[in-house]
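Report on one structure; see the data block that follows.
The values are calculated or read from the model by the stated rules, or taken from the named source; none is laboratory data. These numbers were taken from a predicted model, which means no experiment stands behind them. Quick reminder, even Gly has a Cβ in these numbers, built from the backbone with ideal geometry, and neighbours come from all protein chains shown.
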Amino acid sequence: MTTQLRDRLDEVLRAGQVGGLHAVAAFRGGQSLLEYYGAGEDFAWGDSLGVVDSGPETLHDIRSVTKSVTALLYGIALGDGLVPAPAEPLLQRFPQYPDLAADPERARLAVEHALTMSLGVEWREDLPYNSPANAEIAMELAPDRYRYILERPILEPPGTRWAYCGGATALLGRLIADGTGQTLPQYGQAVLFGPLGIDRFDWMTGEDGVASAASGLRLAPCDLARLGELVLREGAWNGQRIVPAGWIRTMLQPRLRTGWGAQYGYQWYLESIAGHRLVAGIGNGGQRLFVLPDLDLAVAITAGNYDDPDQWRAPLTVLERVILPALA
């Protein structure tokens, strides 16, 4: 099987169909199906790292796949009673903004609206990530990122529509930090990465020193795939309960439809591919964590096609033309 997969991958590599691909790590039933490590220019956020020869220990930006990891951490904290339940009012957890809480429209915000990216506020990330007109960049430049998010102009009632919003995830990160008394990296190491045996990661911070819940994680590909395996096992690992099983099921229930037709749960995308249920974390540049429950399959893909309109092509080609045909 591994030889067949590698031959298929070599074929699409030679055909130039997966340009910018850096690494693939695919696991089925806990066993490695395919590992590939390439070379190419890489970045840590906007800073070029030059040409990087990827390997099993090479950390790589996973960009917005970080959002899906933050959702796992939220579920762990919720299971321990450290963060508010999805139905609870959001602004009650930000008492430093009484003026915003006094706005009846904003007072309708619940934690679930952050989990589902349906805050109903003006937020544009369809602009280059080096532009201050991009809302995530503006958030990072703002003197108070949380006020910036919560005081955005209201466009519609919360919960009405999914609209991509890194600020929503930043709010979840703040709730986790406030509830646990730890930074996201500290909490992540204690309750998620450490128990999974992931001992190398980086979590980048903004100018204010706060780790980015939306896009800051750097992980090795096999460790990213391990997070997918944890989802497959409904939060259990080697007989240890890491994430409550009920949270995994709740997190992966479809809540809203995205702009391109996929369903969205709590910070995870939910689709189908070739007749299989697909759960996915998606990040700029071609970063992907694919989880296919009925195949017991977890696939981590890293790439360097940042801000490329066709960045989706390489990871989807790997899944559709390399991995899935071999499992048919």
Number of the exception - MET139 against (1) touching a Phe, Trp or Tyr at 6+ places or on another chain (Cβ under 7 Å); (2) at pLDDT 95 or above; (3) crowded, with 22+ Cβ neighbours inside 10 Å: (2)
Residue among LEU196, LEU150 that alone is crowded, with 16+ Cβ neighbours inside 10 Å and over 28 Å from ASP307 (Cα atoms): LEU196
Residues satisfying the stated conditions in the stretch 87-124, i.e. in a loop (DSSP other than H, G, I, E, B) and buried (at least 19 other Cβ atoms within 10 Å of the Cβ): LEU90, PHE94, LEU109, THR116, MET117, SER118, LEU119, GLY120, TRP123
Verdict on GLY79 being surrounded by fewer than 22 Cβ atoms within 10 Å (Cβ to Cβ) and either assigned by TED's automatic domain parsing to the domain that holds ASP294 or β-branched (Val, Ile, Thr) (or both): no
Qualifying residue in the stretch 34-50 (condition: of a type in the set (Ser, Thr, Tyr), within 30 Å of GLY181 (Cβ to Cβ) and in contact (Cβ under 8 Å) with a residue 24 or more places away in the chain): no
Residues of the stretch 14-33 that turn out to be within 15 Å of GLY304 (Cα to Cα) and free of Cβ contacts under 8 Å to residues at least 24 places away in the same chain, as a count: 1
GLY259 being within 26 Å of ILE137 (Cα to Cα) and at pLDDT below 95: yes
Residue list for the stretch 300-316, restricted to those being in contact (Cβ under 8 Å) with a residue 60 or more places away in the chain and either among the aromatic types (Phe, Trp, Tyr) or part of a strand (DSSP E or B) (or both): ALA300, ILE301, THR302, ALA303, ASN305, TYR306
